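> One structure is given below, represented as structure tokens, and several questions about it will come after.
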Amino acid sequence: MRSKILFVVLIVLCVTAAFSFEKVKELSLSANGIEKLKIDCGAGFLKVTGNDSSRTIQVKAEIMVKGKNEEDAEEYIRKNVVLTLEKKGSNAVLVSQFKNSIFTGSRVIDLTVEVPKNINIDVDDGSGFMTIQNISGGIYVDDGSGDLTVEEIQGDVTIDDGSGRIDVNNVKGNVSVDDSSGTIDVQDVTGNVVVDDGSGSIRIEGVGGDVHIKDDGSGSLRIRDVKGKVIK
């Protein structure tokens, strides 16, 4: 009898785990008077792209909940998803989070964001891969985990990263990376490059200014084609 009950319970759990529900929400805000977009997001990917002709900030949020049927997932999203885009002074603030409620399945919010090219970007990210590209302003990223790609940036780039691969390409300003672990690949930077690294390989190539390696705990180090000084 016990084995039958256990079998039924397992079947119920498997069926519940198989449920996957996705809801798409879109947000939009005029970029008039906005100098910086501040993004506070949790689990899920983040893609930010600058557009020369855009005059608005547009957000597509794909909310994925696994482990609940459609009705329960809808209710869960309604009660537990925080998704806002607001103007606060000269900043636009995008918040994408789940409330800290008990949840036994998996949940993510994937964000695709299009902004005017000349805006500055400030990101506080939990986990998931991230791409920021084609921005003429400055970039600041505080990232917990997940791969990160930053490319085609005209301003300065500052990255404070926990773990995951970091790729930085084609930056006209300076680049500063403070990384705990993961591979770092920096290419084609007009200004200076500063790297403070815990572990993981580092490759830096094509730098117009100086390269300063503050700390390289472990992993290979390759530096080439630097016009300024290399300080280690």
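> Which one of the conditions (1) at pLDDT 95 or above; (2) crowded, with 19+ Cβ neighbours inside 10 Å does Arg107 fail to meet, given that it meets all the rest?
Single failed check for Arg107: (1).
> Quick check, is Ser176 of a type in the set (S, T, N, Q), under 22 Å from Asp124 (Cβ atoms) and at pLDDT 95 or above?
Details: of a type in the set (S, T, N, Q): yes; under 22 Å from Asp124 (Cβ atoms): yes; at pLDDT 95 or above: yes.
Yes, satisfied.
> Which condition breaks for Gly182 when tested against (1) within 20 Å of the chain's Cα centre (by Cα); (2) surrounded by fewer than 18 Cβ atoms within 10 Å (Cβ to Cβ); (3) modelled with pLDDT under 95?
Of (1) within 20 Å of the chain's Cα centre (by Cα); (2) surrounded by fewer than 18 Cβ atoms within 10 Å (Cβ to Cβ); (3) modelled with pLDDT under 95, only one is false for Gly182: (2).
> Do we have Val48 as part of a strand (DSSP E or B), modelled with pLDDT of 90 or more and within 21 Å of Ile153 (Cβ to Cβ) here?
Details: part of a strand (DSSP E or B): yes; modelled with pLDDT of 90 or more: yes; within 21 Å of Ile153 (Cβ to Cβ): yes.
Spelling it out, Val48 is indeed part of a strand (DSSP E or B), modelled with pLDDT of 90 or more and within 21 Å of Ile153 (Cβ to Cβ).
> Mind telling me which of the residues Ser127, Ser199 ends up being small (Gly, Ala, Ser) and either crowded, with 18+ Cβ neighbours inside 10 Å or under 21 Å from Leu27 (Cα atoms) (or both)?
Details: Ser199 fails: either crowded, with 18+ Cβ neighbours inside 10 Å or under 21 Å from Leu27 (Cα atoms) (or both).
The match here is Ser127.
> Does region 67-92 hold any residues that are without any contact (Cβ under 8 Å) to a residue 60 or more places away in the chain and surrounded by 18 or more Cβ atoms within 10 Å (Cβ to Cβ), and which are they? Let's see the steps before the verdict.
As a first pass, look at region 67-92 and keep what is without any contact (Cβ under 8 Å) to a residue 60 or more places away in the chain: 67-91.
Of everything in region 67-92, those that are without any contact (Cβ under 8 Å) to a residue 60 or more places away in the chain and surrounded by 18 or more Cβ atoms within 10 Å (Cβ to Cβ) turn out to be Gly67, Lys68, Ala73, Tyr76, Ile77, Val81, Leu83, Leu85.
> Follow-up. In region 107-126, is there at least one residue being touching a strand residue (DSSP E or B) at 6+ places or on another chain (Cβ under 6 Å), β-branched (Val, Ile, Thr), in a loop (DSSP other than H, G, I, E, B) and touching a residue at least 60 places away in the same chain (Cβ under 8 Å)? Full working, then the answer.
Kept after step one, since they are touching a strand residue (DSSP E or B) at 6+ places or on another chain (Cβ under 6 Å), are these residues of region 107-126: 107-115, 117, 119-126.
Those left that are additionally β-branched (Val, Ile, Thr): 108-109, 112-113, 115, 119, 121, 123.
Next cut, in a loop (DSSP other than H, G, I, E, B) only: 119.
Among the residues that remain, those that are also touching a residue at least 60 places away in the same chain (Cβ under 8 Å) are: 119.
Checked against the condition, which is being touching a strand residue (DSSP E or B) at 6+ places or on another chain (Cβ under 6 Å), β-branched (Val, Ile, Thr), in a loop (DSSP other than H, G, I, E, B) and touching a residue at least 60 places away in the same chain (Cβ under 8 Å), region 107-126 yields at least one hit.
> While we're looking at this one, here's another question. For region 152-232, which strands (runs of 3 or more DSSP E) that fit wholly inside it have 2 or more residues that are under 23 Å from Gln133 (Cβ atoms)?
Numbers: elements: 157-163, 166-171, 175-181, 184-189, 193-199, 202-207, 211-218, 221-226.
Hits in region 152-232: 157-163, 166-171, 175-181, 184-189, 193-199, 202-207.
> Residue by residue through region 51-102, note down the ones that are at positive phi and in a strand (DSSP E or B). Working first, answer last.
First pass over region 51-102, keeping only residues at positive phi: 67, 89.
Result: no residue meets the conditions.
The values are calculated or read from the model by the stated rules, or taken from the named source; none is laboratory data. Because the structure is predicted, anything quoted here is derived from the model rather than measured. Neighbour counts are summed over all protein chains in view; Cβ atoms, including those assigned to glycine, are modelled from backbone coordinates with ideal geometry.
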